[in-house]
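Asker: Encoded as structure tokens, here's the structure I'll be asking about.
The values are calculated or read from the model by the stated rules, or taken from the named source; none is laboratory data. Keep in mind the model is a prediction, meaning the values are calculated, not measured. All Cβ positions, glycine included, derive from the backbone under ideal geometry; neighbour counts span all protein chains shown.
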Amino acid sequence: MQVTGAADLAVINAGLSPKTAGEAHNFVLARGSASLPVTLTSAKLALVPVQNVKVLETVRGKVGYLQFNDHNAVAESLLADAFTGFQNAGVTDLILDMRYNGGGYVRLAAELAYMIAGPAATTDKVFETLQHNDKQKPTAPQMFSSTAYGFVPSRLKSGTPLPSLGLRHVTILTTAGTCSASESVINGLRGIDVDVTLIGGTTCGKPYAFTPAPNCGTTYFAIETQGTNNKGFGDYADGFAPTCKAGDDVGHELGDVYESTLAAALRYHVTGACPAIPLHSRSLNGLPLNGPLELERPEGKQISIRLHEGR
């Protein structure tokens, strides 16, 4: 791609970031020595933050699995529905797939952690305390949240009791795209001695947060705090290392028990040992790789948002 002036830049921006649905933009892609013409048409997409909710039968009992992609407002009721289903099914362990969850609302992370650990482990316990510099007054910590915040797009009203599983162990699937509020879930649970097993790759390493500050139509998100758990720990700028390394095999959909990372998690659940990297994660289109397919740290959303409200 070559840009020779403002006009070229405007064309590229219009093609890659259309403003309305239904816009058609033509591209020519280079594939070796050949050129491949492609037409892309913009469309509105409904992103679903909670997917592939299922109960897996293992020799050690029922294991819940869910893919959680975004700590956004829409996810609140979807998570509650998923955990209600797990509760009714009698799951005894959970695999939480946050490989591509770059963060979002800390309050939602506190709700998710409560739904995993339950009231006995979380009552009066701190999920996350925000450490400011000496120019800011201390703020009230975010406790584990047993009731819904009631985000506007959510179907849950504020104060609705949340379901919980009361687990003392959880397996979380991770990559470099597991970031910010997702890491708060890991750190918050470890702060109350929940055994958190990580399968996949090292997380992004972002123990920092900010409060949205609107100003004349522009909202600023300046990093201003570091989050610590109930034990006062928050030093994970290098990310959380996995218990067992595993990579996506791209040959199976997420949620498929034969998908490399999920298969590794299930093997560890049953045997307590890290499996060897599966062969199908060591090759791509017949080309050998030096290890599992790993997500490089993405340039997309990596955020942890603190709400002004004290709920």
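Asker: Restricting to the stretch 206-224, what's the tally of residues that are among the aliphatic types (A, V, I, L, M) and within 17 Å of residue 127 (Cα to Cα)? Please lay out each step first, then the result.
Answerer: We begin by selecting, within the stretch 206-224, every residue among the aliphatic types (A, V, I, L, M); these are 209, 213, 222-223.
Going one step further and asking which of them are within 17 Å of residue 127 (Cα to Cα), we end up with 209.
Within the stretch 206-224, residues that are among the aliphatic types (A, V, I, L, M) and within 17 Å of residue 127 (Cα to Cα) number 1.
Asker: Return the residues of the stretch 23-55 that are among the aliphatic types (A, V, I, L, M), closer than 30 Å to residue 94 by Cα and outside any strand (DSSP E or B); say none if nothing qualifies.
Answerer: 45, 46, 47, 48
Asker: Additional query: Pick out the one residue from 220, 208 that is at pLDDT below 95, within 17 Å of the chain's Cα centre (by Cα) and among the aromatic types (Phe, Trp, Tyr).
Answerer: One residue alone meets the criteria, 208.
Asker: Six or more apart or on different chains, Cβ under 6 Å: which pairs go from a residue in the stretch 169-196 that's more than 15 Å from residue 104 (Cβ to Cβ) to one that's among the hydroxyl-bearing types (Ser, Thr, Tyr) and modelled with pLDDT of 95 or more? Could you list them?
Answerer: 171/197; 173/261; 174/203
Asker: Let me ask you something else. Report the residue count in the stretch 133-177 for those that are in a loop (DSSP other than H, G, I, E, B) and surrounded by 13 or more Cβ atoms within 10 Å (Cβ to Cβ).
Answerer: Within the stretch 133-177, the subset in a loop (DSSP other than H, G, I, E, B) is 133-141, 144-146, 148-160, 162-168, 175-177.
Still in the running and surrounded by 13 or more Cβ atoms within 10 Å (Cβ to Cβ): 139, 141, 144-146, 148-151, 154-156, 160, 162-168, 175-177.
Qualifying residue count for the region: 23.
Asker: Take residue 48 and decide whether it is at pLDDT below 90 and exposed (fewer than 15 other Cβ atoms within 10 Å of the Cβ). If you could, list the steps in order and put the result at the bottom.
Answerer: Working: at pLDDT below 90: no; exposed (fewer than 15 other Cβ atoms within 10 Å of the Cβ): yes.
For residue 48, the condition - at pLDDT below 90 and exposed (fewer than 15 other Cβ atoms within 10 Å of the Cβ) - is not met.
Asker: Which fully enclosed strands (runs of 3 or more DSSP E) of the stretch 56-119 have 1 or more residues being under 19 Å from residue 159 (Cβ atoms)? Outline the logic, then answer.
Answerer: Details: elements: 61-68, 93-97, 103-105.
Per the criteria, 103-105.
Asker: Select, from 129, 122, 58, the only residue that is of a type in the set (Ser, Thr, Tyr), assigned by TED's automatic domain parsing to the domain that holds residue 162 and surrounded by fewer than 20 Cβ atoms within 10 Å (Cβ to Cβ).
Answerer: None of the other options fit; the residue is 58.
Quick grid of which residues meet (1) surrounded by fewer than 13 Cβ atoms within 10 Å (Cβ to Cβ); (2) modelled with pLDDT of 55 or more; (3) not hydrophobic (A, V, I, L, M, F, W, C):
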| site | (1), (2), (3) |
| --- | --- |
| 229 | no, yes, yes |
| 254 | no, yes, no |
| 273 | yes, yes, no |
| 283 | no, no, yes |
| 289 | no, no, no |
| 295 | no, no, no |
